[in-house]
Amino acid sequence: MTAEGHLLFSVATLVLAQKLEITPALAHGDWFHMIPAVLLGSLLPDLDHPGSILGRLFRIISLPLSKLCGHRGFTHSLLAFCGLAILWETQVSPHWDISADIFHALLLGYLSHLIADMLTPAGVPFLWPLKMRFALPILGKKNNKKGERFISVLILVGALFLPPHLTVTLPSQVNNWLQMYHDKRTNF
């Protein structure tokens with residue numbers, strides 16, 4: 001999927017997550033916080049590709065990461081997603097006062113990237129280091145910009161027409177962890 005496709009897809013998933021009230025932080029978050037965070041999160045997995053937007057900006061990270069894991073390797077896995085959450089919680093959160101809506105939007109953007117890449121024939125290695133790839137190749141050929149835009153617009157329009165106050169409850173352990181994080185961040 002192209003960078004444009006990832007950016008569009010991430011914003012569409014943010015609107016959907018906000019409408020479904022996936023987390024309290026996303027349901028009531030500030031759009032001026034969440035949009036940049038979801039956009040950044042949607043580009044982070046491609047840090048393993050030196051030709052990507054972030055790969056060109058952070059070559060010192062991108063080149064070694066590309067050599068070690070290749071494109072659509074570690075950074076496109078649930079292990080990397082969880083690692084980002086833990087890194088944020090242990091290294092960023094204690095030192096900087098960043099609101100929960102930014103954190104949740106960043107993680108949503110990252111996850112949207114993985115889901116979007118799953119829509120391509122190459123898929124993603126969710127269970128990396130296992131080589132098994134997960135794919136639902138709706139987009140078919142490489143760099144199908146029209147297909148990427150269509151799916152993003154479909155999600156966005158679908159989200160806009162959802163009835164208000166329709167919520168989706170995450171599994172209780174994940175929901176409790178996110179609620180604790182949200183409560184901790186809003187007490188300041």
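Here is how the numbers come out for the structure above:
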{"read-out": "Considering residues of the range 107-149 that are under 27 Å from MET34 (Cα atoms) and open to solvent by 50 Å² or more (accessible area, probe 1.4 Å) only, the residue farthest from the chain's Cα centre (by Cα)", "value": "LYS146"}
{"read-out": "Of all residues in the range 53-69 being closer than 25 Å to ALA12 by Cβ and at pLDDT below 90, the one that is nearest to the chain's Cα centre (by Cα)", "value": "LEU54"}
{"read-out": "All helices (runs of 4 or more DSSP H) inside the range 1-60 with 1 or more residues being buried (at least 23 other Cβ atoms within 10 Å of the Cβ) and not acidic (Asp, Glu)", "value": "3-19, 24-28, 31-43"}
{"read-out": "Some residue of the range 74-90 being among the small types (Gly, Ala, Ser), without any contact (Cβ under 8 Å) to a residue 24 or more places away in the chain and surrounded by fewer than 14 Cβ atoms within 10 Å (Cβ to Cβ)", "value": "yes"}
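The values are calculated or read from the model by the stated rules, or taken from the named source; none is laboratory data. Since this is a predicted model, take the numbers as computed values, not measurements. Glycine also receives a Cβ, built like all others from the backbone with ideal geometry; neighbour counts cover every protein chain displayed. Just the protein is used for accessible areas: all its heavy atoms, side chains included, with ligands, DNA and RNA removed. Shrake-Rupley method; radii C 1.70, N 1.55, O 1.52, S 1.80 Å.
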